[in-house]
Amino acid sequence: MAEQALLRVDNLTKVFLSRTGLTSSRFVAVDRASFVLPMGQHEILTLAGESGSGKTTLARMILGMLEPSAGQLVFKERNVLTLKDRERRDWFRREVQPVFQDPFATFNPLRRVDSYLRETARNFRADANIERALADVGLSLREVQGRYPNELSGGQLQRISIARALITSPSLLVADEPVSMLDASLRMSIVNLFRELKERQSVIYITHDLATAYYASDRVAIMLRGWIVEFGPVRRVLGEPLHPYTQLLKSSVLEPVPRASKQTEHVSLAVADTAAYHAGGCRFAGRCPKVMDICRTTEPANVLVDDRLVKCHLFAPTVGEAVSAGGLMNNSVKGSTIDGMAEPEHGTGAPV
Ligand SMILES: Nc1ncnc2c1ncn2[C@@H]1O[C@H](COP(=O)(O)OP(=O)(O)OP(=O)(O)O)[C@@H](O)[C@H]1O
Ligand code: SF4
Ligand SMILES: [Mg+2]
């Protein structure tokens, strides 16, 4: 029997349809994403990858804010996609809470910040939890009571935003770029806060920033154009990346001063090349320094290499063992450090 999971993301797919005049087109923003967060073993799983790779779309499906086009989403062994409205509202929304990117946009400048906490507490009948939630983020009600957003720093506002998410005592937080709008000096304090919060719940942490991903998370999923192309323990995946795309991402992080060519490439990556999404073959073929003929015609399989999955023909079954994407099961920890990035702390777990 399959091991009990907190969250089972199984071939989750989102296709956006757009219509221009008489023609309509399909755009696959997330393509058969699969992974499992184990039950009773809290972890921080990072989704990382270039702009437009599908991180937010995947997060919104997990939060129940966007309906998947295909695939399954199972939380605490219940099929989220078939929940009744009442179960969704009273149970699932309590259990899985979002933390948004921009604390300045989250709060209306004309509204006192504590009113947001009270509103969430009222909606979920959890008034008694406000003080505890604020204490969990290092604040007290006395510090925030009656204050307007402009009277607080970005770091304080993001802590209040996280406290709001904690009021329902969720089992999972989904934080989409929660530090990207903060000053560099404040980022690490919020990243450290997520590490402390891991004591009580798991976190899906979305970021462009591989350094904080390496520091904060246990496992990482590298996304490229809707695919998860490498997945495994963060020290393995970012310490010794196997997928050529992860290698490219890492090399651009570790370069002290980005070269003009890299900057140009980053801009071009941000523009979705929809033709390449639907061409067949590997979606990285046009940019891959190791591209082979097969890469242009055949989609690579997910291959298990030691304790990680790699979606690349270089690791075809003669090298590793081809597995279905659904084989991404438990968290595991092995590996080395990465120059210029701090050593993360990890829980323990069974190998993938
Ligand atoms: N509602 C929508 N309709 C059509 N296309 C969409 C919609 N939402 C997202 N997309 C497209 O899906 C792709 C993935 O978008 P998504 O926001 O998930 O990427 P992301 O990895 O979060 O990017 P970023 O790092 O810039 O936040 C993008 O090409 C985006 O333009
Ligand atoms: S499948 Fe081919 S093109 Fe894609 S990353 Fe691997 S080697 Fe490069
Ligand atoms: Mg996003």
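Charging the Cβ of each Asp and Glu at -1 and of each Lys and Arg at +1, and nothing else, the dipole of the stretch 1-130 about its Cα centre rounds to 460 debye.
If the chain linking SER189 and GLU299 were pulled fully straight, counting 0.36 nm for each residue of separation and taking away their Cα-Cα distance, it would gain 35.5 nm. Note on THR20 and GLU240: the model spin-label points, each 7 Å out from Cα along the C-beta direction, lie 4.6 nm apart.
Per residue, the average separation of C-alpha pairs within less than 8 Å and at least 6 apart gives the stretch 7-87 a relative contact order of 38 percent. Ranking of ASP293, ASP102, ASP90 by neighbouring Cβ atoms within 10 Å, starting from the fewest: ASP293, ASP90, ASP102.
Extension gain, GLN4 to ARG132, is 43.2 nm, computed as 0.36 nm per intervening residue step minus the present C-alpha separation. Ranking of HIS42, HIS243, HIS208 by neighbouring Cβ atoms within 10 Å, starting from the fewest: HIS208, HIS42, HIS243. Applying both filters, DSSP loop and at most 14 other Cβ atoms within 10 Å, to the GluC sites (Glu not before Pro) of the stretch 146-249 gives GLU199. With the simple model of a label 7 Å out from the Cα in the direction of the Cβ, ARG122 to ARG287 spans 4.7 nm. Annotation: the residues SER53, SER34, sorted from fewest to most other C-beta atoms within 10 Å of their own C-beta, follow the order SER34, SER53. Taking each residue as 0.36 nm, the span from ALA70 to GLU196 lengthens on full extension beyond its C-alpha to C-alpha distance by 41.9 nm. Close amide H partners of VAL174, meaning residues 5 or more places away or on another chain with modelled amide H under 5 Å apart, are GLN97, VAL99, ILE204. Restrict the search to the stretch 81-149; then list the chymotrypsin sites (Phe, Trp or Tyr not before Pro) that DSSP places in a loop and that have at most 11 other Cβ atoms within 10 Å of their Cβ. Passing both the DSSP loop test and the Cβ count: no residue. Here the ratio of the Cα radius of gyration of the stretch 19-100 to 2.2 N^0.38 Å is 1.27. The stretch 113-189 and the stretch 62-111 have their alpha-carbon centroids 18 Å apart.
Taken together, the values in this text are just the output of simple stated rules run on the coordinates, not laboratory data. All figures in this text were calculated on a predicted structure; none of them were measured in a lab. Ideal geometry is used to build each Cβ from the backbone, glycine not excepted, and the neighbour counts take in all protein chains shown.
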